[in-house]
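As C-alpha cells, the structure follows; a few thoughts come after it.
The values are calculated or read from the model by the stated rules, or taken from the named source; none is laboratory data. What you see is a predicted model; the values in this text were computed from it and never measured. Reconstructed Cβ throughout: ideal geometry from the backbone, glycine too, with neighbour counts over all protein chains shown. Side chains included, ligands, DNA and RNA excluded: accessible areas come from the protein's heavy atoms. Shrake-Rupley method; radii C 1.70, N 1.55, O 1.52, S 1.80 Å.
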Amino acid sequence: MRELILVAGTKASSKTVTTKNKIADIKNRNILIFDVNMEYNDFEILPVSKIAEFSKSKDFKTKRIVPITRGKNMSLQQIGKLVVKILSQFNNGVLVLESIGGYAPMNKKIYDMILSGNKKQKERLTIICIFQSISSIPRLIYNKSASLRLHYTCDGVDRCRGVKHFEILKIANLIVTNKFKEGDRFFHCTINRWETIFGNFDKQDYRNACLDYVNSERGLYRYCELFK
C-alpha cells in the first residue's frame, strides 16, 4: 500500500517545523528524510549504501540523507539520481522528500516512481512531498494524493484549475490567506481525501472564505468596485 501526502507553502511558513512535529507522532515505522535543505539536524545521517537495510529494519528510527558527496554539495543531476535510488530501495516506512519541486523536474523518473510504486514487492510506504508553491505540484501527483497540508503560498491558486475538487482547494487557500492577512504567518490547514478541510479555524473563517470564493468566481469584486 502506498500513500501520497503533499505539503505546500513558501519559505518560513512553518512547513519543516510542522513536518517534524507530525513525524514525531509516528510510531512503529522507519522514517527517512531527504534533507536537501539541511534542516533536520536532530537526526542521524544514513549512508546511501544502507538505504535498503534501513528499509527492512525493525528499529523504527528517523534518519536522513543529505545531498553531499565527497564533502561537496551535489548538483541537481546528482540529486535526481540519488532520489531515484532512494525511491527504488526504501519501500517500507515514511519517506519525506523536502523541496521536491526544485529537483524532480530535472529527472522525470522521480514522479513516475512516486506514482507507480514497486510492483515486484509488497510495500507499506507513505511519501510526504514538500513543495514551495501549489502551482509547482504536477496535476497527476495532486490528483493521486491522499491529502494536502496547505501553508501560505504566494502563487495564484487559479493556476491549478482543472485539478480534482478545485473548489475545495481554493476555499482552503482563502482560509490560509485570510489568516495570513490577520497576522498568523504560520497558519495551515489540511484537505483530507479531497472531501474535508480541517485545521485551527472556526465556522466564521470558513464562511468568510466561502464568500470570498463566490465573489471571486462570479466576478462580484469587479462590480463592487463601481460602488465605492
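Observations on the structure shown:
- Some residue of the range 63-71 being polar (S, T, N, Q) and surrounded by 20 or more Cβ atoms within 10 Å (Cβ to Cβ): no
- Helices (runs of 4 or more DSSP H) (entirely within the range 1-118) containing at least 1 residues that are acidic (Asp, Glu), within 19 Å of the chain's Cα centre (by Cα) and under 19 Å from Lys144 (Cβ atoms): 109-116
- Filtered residue count, the range 29-54, keeping only those that are hydroxyl-bearing (Ser, Thr, Tyr), in contact with a helix residue (DSSP H, G or I) (Cβ under 8 Å, 6 or more places away or on another chain) and either modelled with pLDDT under 95 or open to solvent by 20 Å² or more (accessible area, probe 1.4 Å) (or both): 0
- Residue count for the range 143-169 under the criterion of being in contact (Cβ under 8 Å) with a residue 60 or more places away in the chain and part of a helix (DSSP H, G or I): the result is 1.
- Selection status of Thr16, hydroxyl-bearing (Ser, Thr, Tyr) and either more than 16 Å from Leu95 (Cβ to Cβ) or open to solvent by less than 20 Å² (accessible area, probe 1.4 Å) (or both): no
- Test for Lys58: is it more than 23 Å from Arg193 (Cβ to Cβ), modelled with pLDDT under 95 and open to solvent by 60 Å² or more (accessible area, probe 1.4 Å): yes
- Restricting attention to the range 170-200, the residues that are open to solvent by 30 Å² or more (accessible area, probe 1.4 Å) and assigned to a loop (DSSP other than H, G, I, E, B) total 9.
- Filter result (in contact with a Leu (Cβ under 7 Å, 6 or more places away or on another chain) and modelled with pLDDT of 90 or more) within the range 97-109: Tyr103
- So Val214, is it at pLDDT below 90 and surrounded by 18 or more Cβ atoms within 10 Å (Cβ to Cβ): no
- Of everything in the range 124-146 that is out of contact with any strand residue (DSSP E or B) (no Cβ under 6 Å at 6 or more places or on another chain) and open to solvent by less than 30 Å² (accessible area, probe 1.4 Å), the residue that is nearest to Val163 (Cα to Cα) is Tyr142.
- Screening Ser55 on (1) within 21 Å of Leu115 (Cβ to Cβ); (2) touching a residue at least 40 places away in the same chain (Cβ under 8 Å); (3) polar (S, T, N, Q) shows it passes everything except condition (2).
- Selection within the range 148-169 - modelled with pLDDT under 90, open to solvent by 30 Å² or more (accessible area, probe 1.4 Å) and closer than 18 Å to Ala12 by Cβ: Cys154
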